[in-house]
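Chemist: Structure in structure tokens, see below.
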Amino acid sequence: MLKITRRAALTAGAALPLVAINRRPAHAAEFTYKMAHNTATSHPLHIRASAAVEKIKELTGGRVEIQVFPNSQLGSDTDTLSQLRSGAVEMFTLSGLILSTLVPVAAINGIGFAFKDYATVWAAMDGKLGALVRGEIAKRGLYAFENQWDNGYRQITSATKPIKTPDDLKGFKIRVPVSPLWTGMFTAFGASPTSINFAEVYSALQTHIVDGQENPLAIINSGKLYEVQKYLSVTNHMWDGFWLLGNAKAMAALPPADRAIVEREMNAAGKLERADIEALNISLKTKLSDGGLIFGDTDPAAFRAALKQAGFYSEWRTKFGDVAWETLEGAVGQLS
């Protein structure tokens, strides 16, 4: 019979942690973070983010591993934003208009018919307007990466009729994201906006809870919304981008050299994604037309005039404040 003395047992017990340490994988990540987003795996955002995290892992020698969760796998936008703030999720891409429920000024890039082209967009969002928004995001305990990712200009689709003029929106049941700016803009046109999270949009259109929605072409395509819509009106009514957000404590926990790698590679991926979206929009018009959507052009000046007459611009100038509004108009020209 084997006899174990008290001293031997203590010695063996003391050795256990050493055994566990020795068995730890040689290249185990020191920081394992989760990155969530709401787009499909075919969307350029997911493709560029996935490539970026692989490069980050390589450049940090495996110390930083970022797992990408696409297609709202970790919850709705509002749920995941709460997880980001609590630290359950370390990184998240989110539209500024939805982020505005926490950071009101983040919605300012969504002012209807403000940005005439991409050159104007990036001059503003990579410049003074973007810096102003990032400063406000930081006050809420979040870190905003310097370069936004592109969600594209938004277009209106409908199952019932083409939207050609502002009058066509009167009484129109349209899905909008959970954001006061979206609701306010379509209410100013006399429409009937309903706030629905994106994960539920297809079924809402299919069951005619709403007759239409508005989104960039890439989202309309990846979400297969062309299967339940008939008309697409090229309104370019709103430009929307994704802020890549980090939990501030999680970002601060990274060693400076590793954090610099994460920031550099993610910002670079965001710029590549912008080019992807711009090129994709050209090809998607043909693809969506082949899928059954009937395209139609609109006159942005008529919609802009309708918003001004309804007091939409003056109302939101008051809500955003003079400093933010003047920063916007400094980039896009006078609106109100």
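A quick yes/no check of all residues on (1) farther than 29 Å from His37 by Cα; (2) modelled with pLDDT of 95 or more; (3) small (Gly, Ala, Ser); (4) out of contact with any Leu (no Cβ under 9 Å at 6 or more places or on another chain):
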{"site": "Glu263", "(1), (2), (3), (4)": "no, yes, no, yes"}
{"site": "Ile277", "(1), (2), (3), (4)": "no, no, no, no"}
{"site": "Asn281", "(1), (2), (3), (4)": "no, no, no, no"}
{"site": "Lys285", "(1), (2), (3), (4)": "no, no, no, no"}
{"site": "Asp290", "(1), (2), (3), (4)": "no, no, no, yes"}
{"site": "Gly296", "(1), (2), (3), (4)": "yes, yes, yes, no"}
{"site": "Ala310", "(1), (2), (3), (4)": "yes, yes, yes, yes"}
{"site": "Ala324", "(1), (2), (3), (4)": "no, yes, yes, no"}
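Chemist: Only one of Phe113, Phe69, Phe92 is closer than 19 Å to Gly130 by Cβ and of a type in the set (Phe, Trp, Tyr); which?
Modeler: Unique residue meeting the criteria: Phe92.
Chemist: Next up: Please count how many residues of the stretch 244-257 are in a strand (DSSP E or B) and not small (Gly, Ala, Ser).
Modeler: Total meeting the criteria: 3.
Chemist: Filtering the stretch 293-315 down to residues that are in contact with a helix residue (DSSP H, G or I) (Cβ under 6 Å, 6 or more places away or on another chain) and in a loop (DSSP other than H, G, I, E, B), which residue is farthest from Ser100 (Cα to Cα)?
Modeler: Selected residue: Leu293.
Chemist: Go through the stretch 225-252 and give me each residue that's more than 20 Å from the chain's Cα centre (by Cα) and either farther than 19 Å from Lys173 by Cβ or not β-branched (Val, Ile, Thr) (or both).
Modeler: If the condition is that a residue be more than 20 Å from the chain's Cα centre (by Cα) and either farther than 19 Å from Lys173 by Cβ or not β-branched (Val, Ile, Thr) (or both), then Tyr226, Glu227, Gln229, Lys230, Tyr231, Leu232, Ser233, Val234, Lys249, Ala252 are the ones that fit.
Chemist: Looking only at residues in the stretch 74-87 that are assigned to a loop (DSSP other than H, G, I, E, B) and in contact with a strand residue (DSSP E or B) (Cβ under 7 Å, 6 or more places away or on another chain), which one is nearest to Ser50 (Cα to Cα)?
Modeler: My answer is Leu74.
Chemist: Can Val228 be described as in contact with a Ser or Thr (Cβ under 7 Å, 6 or more places away or on another chain), at pLDDT 95 or above and surrounded by fewer than 20 Cβ atoms within 10 Å (Cβ to Cβ)?
Modeler: no
For every residue, the table says whether it meets (1) assigned to a loop (DSSP other than H, G, I, E, B); (2) closer than 26 Å to Glu146 by Cβ; (3) in contact with a Cys (Cβ under 9 Å, 6 or more places away or on another chain); (4) polar (S, T, N, Q).
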| position | (1), (2), (3), (4) |
| --- | --- |
| Ile219 | no, yes, no, no |
| Thr235 | no, no, no, yes |
| Gly241 | no, yes, no, no |
| Arg259 | no, yes, no, no |
| Met266 | no, yes, no, no |
| Asp276 | no, yes, no, no |
| Lys285 | no, no, no, no |
| Arg317 | no, no, no, no |
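Chemist: Do the conditions hold for Ala188, that is, is it of a type in the set (Gly, Ala, Ser), out of contact with any strand residue (DSSP E or B) (no Cβ under 8 Å at 6 or more places or on another chain) and at pLDDT 95 or above?
Modeler: Considered against the rule, which asks whether it is of a type in the set (Gly, Ala, Ser), out of contact with any strand residue (DSSP E or B) (no Cβ under 8 Å at 6 or more places or on another chain) and at pLDDT 95 or above, Ala188 comes out as yes.
Chemist: So, of the residues in the stretch 207-224 that are over 29 Å from Thr120 (Cα atoms) and either modelled with pLDDT under 95 or of a type in the set (A, V, I, L, M) (or both), which turns out to be farthest from the chain's Cα centre (by Cα)?
Modeler: Ile209
Chemist: Residues in the stretch 280-336 that are exposed (fewer than 13 other Cβ atoms within 10 Å of the Cβ), of a type in the set (A, V, I, L, M, F, W, C) and under 25 Å from the mean Cα position of the chain (by Cα): how many?
Modeler: Counting residues in the stretch 280-336 that are exposed (fewer than 13 other Cβ atoms within 10 Å of the Cβ), of a type in the set (A, V, I, L, M, F, W, C) and under 25 Å from the mean Cα position of the chain (by Cα) gives 2.
Chemist: To continue, here is another question. Between a residue in the stretch 282-298 that is within 10 Å of Ser233 (Cα to Cα) and touching a residue at least 24 places away in the same chain (Cβ under 8 Å) and any residue that is of a type in the set (Lys, Arg) and not in a helix (DSSP H, G or I), which pairs come within a Cβ distance under 9 Å, given they are 6 or more apart or on different chains?
Modeler: Listed pairs, sorted by first residue: Leu293/Lys230; Ile294/Lys230; Gly296/Lys164; Asp297/Lys164; Thr298/Lys164.
Chemist: Quick one: in the stretch 186-206, of everything that is touching a residue at least 40 places away in the same chain (Cβ under 8 Å), under 21 Å from the mean Cα position of the chain (by Cα) and part of a helix (DSSP H, G or I), which residue is surrounded by the most Cβ atoms within 10 Å (Cβ to Cβ)?
Modeler: Going residue by residue through the stretch 186-206, those that are touching a residue at least 40 places away in the same chain (Cβ under 8 Å) are 188-189, 197-199, 205.
Narrowing further to those that are under 21 Å from the mean Cα position of the chain (by Cα): 197-199.
Applying the additional criterion that residues be part of a helix (DSSP H, G or I) yields 198-199.
Working: Phe198: 21, Ala199: 14.
Looking at residues that are touching a residue at least 40 places away in the same chain (Cβ under 8 Å), under 21 Å from the mean Cα position of the chain (by Cα) and part of a helix (DSSP H, G or I), I get Phe198.
Chemist: Can you confirm whether Lys230 is touching a Gly at 6+ places or on another chain (Cβ under 8 Å), more than 25 Å from Ala107 (Cβ to Cβ) and in contact (Cβ under 8 Å) with a residue 24 or more places away in the chain? So that I can check it myself, show each step before the final result.
Modeler: On the way: touching a Gly at 6+ places or on another chain (Cβ under 8 Å): yes; more than 25 Å from Ala107 (Cβ to Cβ): yes; in contact (Cβ under 8 Å) with a residue 24 or more places away in the chain: yes.
Criteria met by Lys230.
The values are calculated or read from the model by the stated rules, or taken from the named source; none is laboratory data. A quick note: this is a predicted structure, and the numbers were derived from the prediction, not measured. Heads up, the Cβs are rebuilt from the backbone with ideal geometry, glycines too, and the neighbour counts pull from every protein chain shown.
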